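These notes are about the structure you will find just below.
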Amino acid sequence: MAKNIGLIKFTGKLGNLSGRETEYGNIISAPGGFKGERIKTGERYAVTRQLESEFGRCPKISSQLYNALHFYLQTIPFPHLYGSVQAQITNIKNCDAISPKGERSFRAGLETVQGMKMLQGFSFNPKRNLRSGMMQHYAVDLPKGQMTLPNFDASRVYFPKGAEKLGLQLVLLR
């Protein structure tokens, strides 16, 4: 795939080339890649089929998580949020050292110490992670629905121009 930095830019098809505008600039590509039938039947691609079935389950979990939290996530100014969620789900799935290749799962990966640490350390907004920036210590009282932030420093919060108030919302995921 090529990235056009010159004068000629186009979108759509031009002969054997396809052009499209992305957030990274004008991209020009030619058709190609793997032949689907060879991957489905070829003995050489047996491992590829195993990994494909294993990897194929991760987007379903990512979509469920993303859709469940969409109302809260739509305000995060991070354009690759879904990809970040999916990468984390895949990394946790890779912690499953018990299941054979092709059968590893997110659930089994989450049952490992390393997988649970990955989930607990995950931030939906890596550019503005509250835990690293302002919340080194905090306490949550679930029955009362309260969160205590003893060392909260509002001066470390980025406020958009004209903002006068700060609101925090605790979203617990089970």
Applying the selection to the stretch 79-113, what residues are closer than 17 Å to Ser63 by Cβ and assigned to a loop (DSSP other than H, G, I, E, B)? His80, Ser105
Output for the stretch 74-111, where each listed residue is among the hydroxyl-bearing types (Ser, Thr, Tyr) and either closer than 19 Å to Gln64 by Cβ or open to solvent by 40 Å² or more (accessible area, probe 1.4 Å) (or both): Thr75, Tyr82, Ser84, Thr90, Ser105
Looking for something at pLDDT 80 or above, outside any helix (DSSP H, G or I) and either surrounded by 11 or more Cβ atoms within 10 Å (Cβ to Cβ) or in contact with an Asp or Glu (Cβ under 7 Å, 6 or more places away or on another chain) (or both) - is there at least one such residue anywhere in the stretch 52-73? yes
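For Ala108, are the conditions met, namely being farther than 30 Å from Leu168 by Cα and at pLDDT 85 or above? Step through it out loud before you land on a result.
Numbers: farther than 30 Å from Leu168 by Cα: yes; at pLDDT 85 or above: yes.
Criteria met by Ala108.
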Given the criteria open to solvent by less than 70 Å² (accessible area, probe 1.4 Å) and without any contact (Cβ under 8 Å) to a residue 24 or more places away in the chain, does Gly19 qualify? yes
Ser123 being within 18 Å of the chain's Cα centre (by Cα) and free of Cβ contacts under 8 Å to residues at least 60 places away in the same chain: yes
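The values are calculated or read from the model by the stated rules, or taken from the named source; none is laboratory data. Given the structure is predicted, the values throughout are model-derived calculations rather than measurements. For neighbour counting, all protein chains shown are included, and Cβ atoms are generated from backbone atoms with ideal geometry for every residue, glycine included. Quick note on the areas: whole protein, heavy atoms, side chains included, nothing else; ligands and nucleic acids left out. Shrake-Rupley method; radii C 1.70, N 1.55, O 1.52, S 1.80 Å.
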